[in-house]
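Everything below concerns the one structure shown next.
The values are calculated or read from the model by the stated rules, or taken from the named source; none is laboratory data. Only a predicted model underlies this, so the values are computations on that prediction, with no experimental measurement involved. Virtual Cβ from ideal backbone geometry, glycine too; neighbours counted across all protein chains shown. Only protein heavy atoms, including side chains, enter the accessible area calculation; ligands, DNA and RNA are left aside. Shrake-Rupley method; radii C 1.70, N 1.55, O 1.52, S 1.80 Å.
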Amino acid sequence: MGSNVPSENNAPKALSMENLNPCVKEMEYAVRGPIVARANAIAEELKQGVKKPFNKVVKANLGDCHATGQKPITFIRQVLALVTYPEVLMKSPNFPDDAKQRAKRILDACRGYSVGSYSESPGLLAIRQDIAKYIQARDGHPSDPSHIVMSTGASDGIKSVLTLLLTGKGGTERAGFMIPVPQYPLYSAATTVYNAYPIPYYLNEDNNWSLEISELERALEEAKPNCIPRAIVIINPGNPTGQVLTRENIENVIKFALKHNLFILADEVYQHNVYAKGSEFFSFKKVMMEMGAPYNMMELASFMSASKGFMGECGYRAGFAEVINLDADVRAMFNKSISAKLCPPVSGQAVMDVIVNPPVEGEPSYQQFIKEKETVLAQLNEKAKLVTSLFNSIEGIQCNEVQGAMYAFPRILLPPKVVEAAKADGKTPDAFYCFALLEETGICTVPGSGFGEKPGTYHFRITILPQVEELKEVLGHFKDFHLNFLAKYK
């Protein structure tokens, strides 16, 4: 009987694997892929009393700060509590005046004085005004609140801009997006679902994951027969690679984009996470503006998130995009497309407002806020150095310095027998390695193949977020596993 014919116990299925959108079937998202599913299954087995060589699963696959023990910033949560339950908490002496002032500003901007109401589609104007002030203070150049669009995390904003750049055509007329390799898999996943054409350009691992213009030119020229190149994506600081671009590097990318008429998407969600001595974050907007004409008139979308930095408020799904130099008619179409989403969560917008409008010196919450912020960033700095040092002390591991962001992306030098065993098991060699690591230690990482890597090289991504003592313990277990793994396959 055909699958679409109803039986006594089954209704017909309008959607099957045969007629499902093929782009959805092809799409992959490594950081929540099969290895994470197995990690969740192991965690359940442990709860049921199944004996393992370890007592718990360590989720080192995601940049989820609070899940790994980072404490929320007090001032952020105070303002969130106040905007959520103002009837009672605004009268409470347990909340400082500066938190109440921030909450009142947000609530005054809400319809019905409630974060339960819809905001304007791009986000509450008062918050976008605060974001514009933050950007202007950061870059030293004006920012227009009407050019800021709030989003459900940076991911949603990125996809909104990518959607503008699609051609609506197939084959060689598809939009082409230049994507770094390694890259955060949001970009490859979105490109696949949108039926766009990925144009991978390789970061130079031998030069601390630098971005080289000769490689950009190579990638673009090879892709031109297959698509219409529309945009270049840059992740700075890098995910999963942890590098921080120099100002000169950024200038060269901007010149390349102008030469080839490419829209720039600057993923800058880790802008607060810079650790290495001599490294400094420069926004693409700041550099463009200071390069002067014609560069200061180029189209750019830059993205920020509440999920990273010192805040780590992943669950509130808050982000924004500043989109500059759009054609006026194109901006109208962009605003129309945003309106179809109604609005991002207003509670998330409130989180973002506190991030860009924190306590200032002289306000009652300033000292505690600065102490908490600096403590988080100092711990991340310590952990970045710890991870880099330990990996480079282990035979068969090479790891570039973690200059920024929240991850290390070490290279594993695997013996030929591992490659053979992986092939027999139907896995890539780095996935084979990461599954073995999970089964033997409970440490969940992400295979480098999920982010892209040069053929013949193998990596994994591990977050540096666990608390210092736990991270030391994790790295100790990792070292034991790795050396035993190499010995087994030599």
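Observations on the structure shown:
- In this structure, the residue pairs whose Cα-Cα separation is over 18 Å, taken from Lys71/Lys383; Lys51/Lys488; Lys385/Lys472; Lys59/Lys454; Lys159/Lys255, are Lys51/Lys488; Lys59/Lys454; Lys159/Lys255.
- Global form of segment 287-344, assessed from the alpha-carbon gyration tensor, a/c cut-off 1.5: oblate
- Per-residue ³J(HN,Hα) for segment 425-434, Karplus 6.51 cos²θ - 1.76 cosθ + 1.60, θ = phi - 60°, Hz, x for Gly and Pro: 8, x, 10, 5, x, 6, 5, 4, 5, 5
- Extension gain for Leu46-His260 works out to 71.6 nm (0.36 nm per residue, less the C-alpha to C-alpha distance).
- Only one residue of Leu62, Gly404, Tyr187 has its Cα farthest out toward the positive end of the dipole of the chain, where Lys and Arg carry +1 and Asp and Glu -1 on Cβ, and that residue is Leu62.
- Rough spin-label spacing in nm, given labels placed 7 Å along Cα→Cβ, for Glu395 and Glu173: 5.9
- Global form of segment 226-297, assessed from the alpha-carbon gyration tensor, a/c cut-off 1.5: oblate
- Using the Cβ of Glu290 as centre and a radius below 15 Å, the other residues enclosed give a net charge of +1, where K and R count +1 and D and E count -1.
- The chain: C-alpha gyration tensor shape, a/c 1.5 cut-off, then a/b vs b/c: rounded
- Site pair Ala11 and Lys56 shows an inter-label distance of 4.3 nm when each label is modelled 7 Å from Cα along Cα→Cβ.
- Directionally averaged shadow of segment 283-387, computed from the convex hull of its alpha-carbon atoms, nm²: 9.9
- Residues whose amide H lies under 5 Å from that of His459, counting only those 5 or more places away or on a different chain, are Ile412, Gly448, Ser449; hydrogens are built 1.01 Å from N in the peptide plane.
- Close amide H pairs (under 5 Å, H built 1.01 Å from N) link Ala318 with Gly153, Ala306, Ser307, residues at least 5 positions away or on another chain.
- The slack in the chain from Val468 to Gln101, taken as 0.36 nm per residue of separation less the alpha-carbon distance, amounts to 128.6 nm.
- Within straight-line cross-link reach of Lys341, aspartates and glutamates at Cα separation under 15 Å, skipping those fewer than 8 residues along the same chain: Glu120, Asp156
- FRET efficiency, Leu20 to Leu342 (Cβ-Cβ, R0 30 Å, nearest 0.05): 0.65
- ³J(HN,Hα), Karplus 6.51/-1.76/1.60, whole Hz, each residue of segment 80-90, x for Gly, Pro: 4, 4, 5, 6, 7, 9, x, 4, 9, 6, 4
- Phi-based couplings in Hz for segment 162-173 (Karplus 6.51, -1.76, 1.60; Gly and Pro marked x): 4, 4, 4, 8, 5, 8, x, 10, x, x, 6, 9
- With R₀ set to 56 Å, the beta-carbon distance separating Ser92 from Arg331 gives a calculated FRET efficiency near 0.85.
- When +1 charges are put on Lys and Arg Cβ atoms and -1 charges on Asp and Glu Cβ atoms, the dipole computed for segment 292-389 relative to its Cα centre reaches about 340 debye.
- Within the full protein context, the accessible area of Arg38 is estimated at about 60 Å² for a probe radius of 1.4 Å.
- Ranking by accessible area, most exposed first, for Lys285, Lys13, Lys490 with a 1.4 Å probe: Lys490, Lys13, Lys285
- Working ranking of peptides 96-102, 448-454, 411-417 by packing, defined as the average number of other Cβ atoms within 10 Å per residue, highest first, is 448-454, 96-102, 411-417.
- Heavy atoms of Leu186: accessible area, 1.4 Å probe, square angstrom to 10: 20
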